[in-house]
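Presented below is the structure to which this report refers.
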Amino acid sequence: MSPTAEPAVEAVEAEARESRAVDIEGHKIKENASIWTQLLLAYGVHKSLIFIRVPLTAAVTPKIVKTLRGWGWNIGPRVKPPKSK
């Protein structure tokens, strides 16, 4: 820092170097949101994407079951074909 810098600026920069929790104007910054805030946001995003999740699951599940049955897994009830007359 140059010798002509203001003492207030020097104090802010020194605190920023020490704690890294100060913005340019010298206000303290909270580093992380609380766990409850994160959980609430995650839950909201999860619920808002239901219109994408449900159709995707319905489209992919039969293909996965068919593949696993081909590998020998006994998954779900098997549908028996109707008897011909």
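Details
- Cα pair distances exceeding 16 angstrom across the stretch 33-76, given as percent: 58 percent
- On the beta carbon distance between Ala59 and Val79, with R0 = 25 Å, the FRET formula returns roughly 0.85.
- Subtracting the Cα-Cα distance of Ser34 and Leu49 from their residue separation scaled by 0.36 nm leaves 3.1 nm.
Quick note: the coordinates plus some simple rules give every number you see, no bench work behind them. Nothing here was measured: the structure is a model prediction, and the numbers come from that model. Note that we place each Cβ from the backbone using ideal geometry, even for glycine, and neighbour counts take in every protein chain shown.
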